[in-house]
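No lab work stands behind these numbers, since they all come straight from the coordinates. In this text the structure is predicted, and so the values were computed from the model without any measurement. Here the Cβ positions follow ideal geometry from the backbone for every residue, glycine too, while neighbour counts run over all protein chains shown.
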Amino acid sequence: MRTRTILFQTLFLAVTFVFLAIWSWRKTADIFIDFGLQLYLPWQLASGKLLYRDVAYLPGGPFSPYFNAMLFKWFGVSFTTLILANLAIAVLMLSVLFRFFEKISTSICATAVCFSVLSMFTFSELAPGGNYNYVSPYSHDALHGLMFSILAVWLFSRWILERSTVSIFLAGLCVGVVFLTKPD
């Protein structure tokens with residue numbers, strides 16, 4: 001019975017995610033209004049320039065620009081590349097949140113948390129130029145920092161319960177990466 005309930009809740013969240021992704025496709029940010037740096041910076045890095053030497057970037061650390069540059073090298077320089085990568089990050093974040101809240105509470109609570117994150121943060125701000133969401137964030141540093149923070153909390157909680165040295169090592173690694181994103 002418990003497995004069937006979790007399967008139904010996961011299916012509900014997956015259908016919601018797909019519906020919101022289709023409904024909001026290409027309505028999240030205007031690449032000419034306040035999102036250009038999120039495309040320009042990794043494009044320059046992917047073409048061989050170096051951060052802080054050839055390209056000035058003060059708002060955040062080096063992780064996000066180089067991560068996005070890696071995506072551009074592998075999948076091509078495109079706004080769609082970043083959208084799909086951010087959707088994958090959102091799926092990973094929702095999976096970790098679901099597992100964490102299901103462990104400390106109930107699967108109903110986990111579903112409510114994930115639904116709230118989906119509906120209020122992942123696909124919000126559908127107005128023109130609206131880039132305050134997880135699909136096309138104002139700053140990828142904030143999105144990546146949030147993802148690694150959530151992973152760190154989940155891994156640390158696993159370490160508390162299981163005393164796994166792998167969990168505490170990975171939690172520490174995640175905390176280190178957070179400081180390479182947007183530490184403020």
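Could you tell me which of rounded, prolate or oblate describes the stretch 104-184, using a ≥ b ≥ c as the square roots of the eigenvalues of the alpha-carbon gyration tensor, with rounded for a/c under 1.5 and, failing that, prolate when a/b is larger than b/c and oblate otherwise?
Working: a/c = 4.73, a/b = 1.42, b/c = 3.34.
Oblate shape, in that a/c is at least 1.5 and b/c is the bigger or equal ratio.
In debye, nearest 20: dipole of the stretch 27-163 around its Cα centre with unit charges on the Cβ of K, R (+) and D, E (-)? Walk me through the numbers before you get to the answer.
Numbers: 8 positive and 7 negative charges, 76 e Å.
The calculated dipole for the stretch 27-163 is roughly 360 debye.
In percent, how large is the relative contact order of the chain, given Cα pairs closer than 8 Å and 6 or more residues apart?
Numbers: 207 pairs, mean separation 51.2, N = 184.
That works out to 28 percent.
For the Cα atoms of the chain, what angle does the longest principal axis make with the long axis of helix 140-162, in degrees from 0 to 90, nearest 10?
30
Shape verdict for the chain, please, from the Cα gyration tensor: rounded (a/c under 1.5), prolate (a/b greater than b/c) or oblate.
Values: a/c = 2.44, a/b = 1.34, b/c = 1.82.
Taking the square roots of the gyration eigenvalues as a ≥ b ≥ c, the chain is oblate.
In degrees from 0 to 90, rounded to the nearest 10, what is the angle of the helix 107-117 Cα long axis to the longest principal axis of the chain?
The angle comes out at about 20 degrees.
Can you give me the angle between helix 63-75 and the longest principal axis of the chain, using Cα atoms only, in degrees from 0 to 90, rounded to the nearest 10?
80
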